[in-house]
Amino acid sequence: MSKLAVVALGGNALQRDYQKGTIEEQETNAFNTLENLVFLIKEGYELIITHGNGPQVGDILLKNDAGEAAYAIPQMPLDICVAGTQGEIGYMIERILHNVLNKHGIRKNIITLVSQIVVNHRGESFRNPTKRIGRMYSPEMAQELSRTKGWIFKEEQKSRGGLRRVV
C-alpha cells in the first residue's frame, strides 16, 4: 500500500509579498517549492497538493475593476474568480511538477482538479471576513477603496503597516 502526503501551498508560496506577481516569478517560486517535494516521491509517497490563491485572486479582482472601467466588461463574482485562479495555479503546478519529475527521471501521472465547497451564508465569516486577498495597501488607500468600493480591510499579519482586503 502506498503512502500519501497532503501538501498545502499558500498563495504566497507562489507569489511573495515583495514580488509583482509575474508569471516568471510565480513559475520560479513553484519550481523551487516543487523541487523540495521530490524526496517525498522518492520515499514512495503519493502527493496531493493543495494551494491557496489570495494574492492571485486579488489581482484578478483588480483586473475585473480595470476591465469594467476601461472597456465596460462586466465583472465576474468572487467564486468565479477563485475557480479561475484554481485552474490557472493548478495548471502551473501540474506543468512545473511534470518538468521537475522529468529532471529527476521520475514518470508519474499528474492531474489538476478544480473544486468547490458549500458554505453557510449565515456563517461568522460573512459577518467578520478574515481571508486576506490581493495586495497590501497604505491606510490612506485602503480607506479610499473602502469608501468608494465598499471593500473591507484588515492589517496584514506578516508585515506591519499594510492593509489587505478581506473576503
Enumeration of residues in the range 27-58 that are in contact (Cβ under 8 Å) with a residue 24 or more places away in the chain, open to solvent by 20 Å² or more (accessible area, probe 1.4 Å) and assigned to a helix (DSSP H, G or I): 27, 31, 33, 35, 40, 41, 42
Residues satisfying the stated conditions in the range 11-20, i.e. in a loop (DSSP other than H, G, I, E, B) and either in contact (Cβ under 8 Å) with a residue 60 or more places away in the chain or more than 12 Å from residue 92 (Cβ to Cβ) (or both): 16, 17, 18, 19, 20
Scan of the range 46-83 for residues that are in contact with a helix residue (DSSP H, G or I) (Cβ under 7 Å, 6 or more places away or on another chain), closer than 25 Å to residue 35 by Cα and of a type outside the set (Val, Ile, Thr), ordered by number: 47, 51, 52, 53, 54, 55, 56
So residue 146, is it of a type in the set (Ser, Thr, Tyr) and part of a helix (DSSP H, G or I): yes
Residue match in the range 140-154 (condition: touching a strand residue (DSSP E or B) at 6+ places or on another chain (Cβ under 9 Å), open to solvent by less than 60 Å² (accessible area, probe 1.4 Å) and either aromatic (Phe, Trp, Tyr) or within 25 Å of residue 35 (Cα to Cα) (or both)): yes
Subset tally (residues that are under 14 Å from residue 63 (Cβ atoms) and of a type in the set (Asp, Glu)) for the range 80-97: 1
Any hit, the range 141-158, residues being of a type in the set (Lys, Arg), touching a helix residue (DSSP H, G or I) at 6+ places or on another chain (Cβ under 7 Å) and within 26 Å of residue 88 (Cβ to Cβ): no
Subset of the range 100-124 (residues that are within 21 Å of residue 85 (Cα to Cα) and either open to solvent by 100 Å² or more (accessible area, probe 1.4 Å) or out of contact with any His (no Cβ under 7 Å at 6 or more places or on another chain) (or both)): 111, 112, 113, 114, 115, 116, 117, 118, 119
Selection count where residues are farther than 23 Å from residue 80 by Cα, in contact with a Gly (Cβ under 6 Å, 6 or more places away or on another chain) and either of a type in the set (Gly, Ala, Ser) or open to solvent by less than 30 Å² (accessible area, probe 1.4 Å) (or both), scope the range 1-10: 0
Filtered residues of the range 69-86 (kept if surrounded by fewer than 13 Cβ atoms within 10 Å (Cβ to Cβ) and part of a helix (DSSP H, G or I)): 69, 70, 71, 79, 80
Those residues of the range 11-26 which are hydroxyl-bearing (Ser, Thr, Tyr) and open to solvent by less than 30 Å² (accessible area, probe 1.4 Å), in sequence order: none
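The values are calculated or read from the model by the stated rules, or taken from the named source; none is laboratory data. Here the structure is a predicted model, which means the values were calculated and not measured. Neighbour counts run over all protein chains shown; Cβ positions are idealised from the backbone, glycine included. Calculation scope for accessible area: heavy atoms of the full protein, side chains included, ligands and nucleic acids excluded. Shrake-Rupley method; radii C 1.70, N 1.55, O 1.52, S 1.80 Å.
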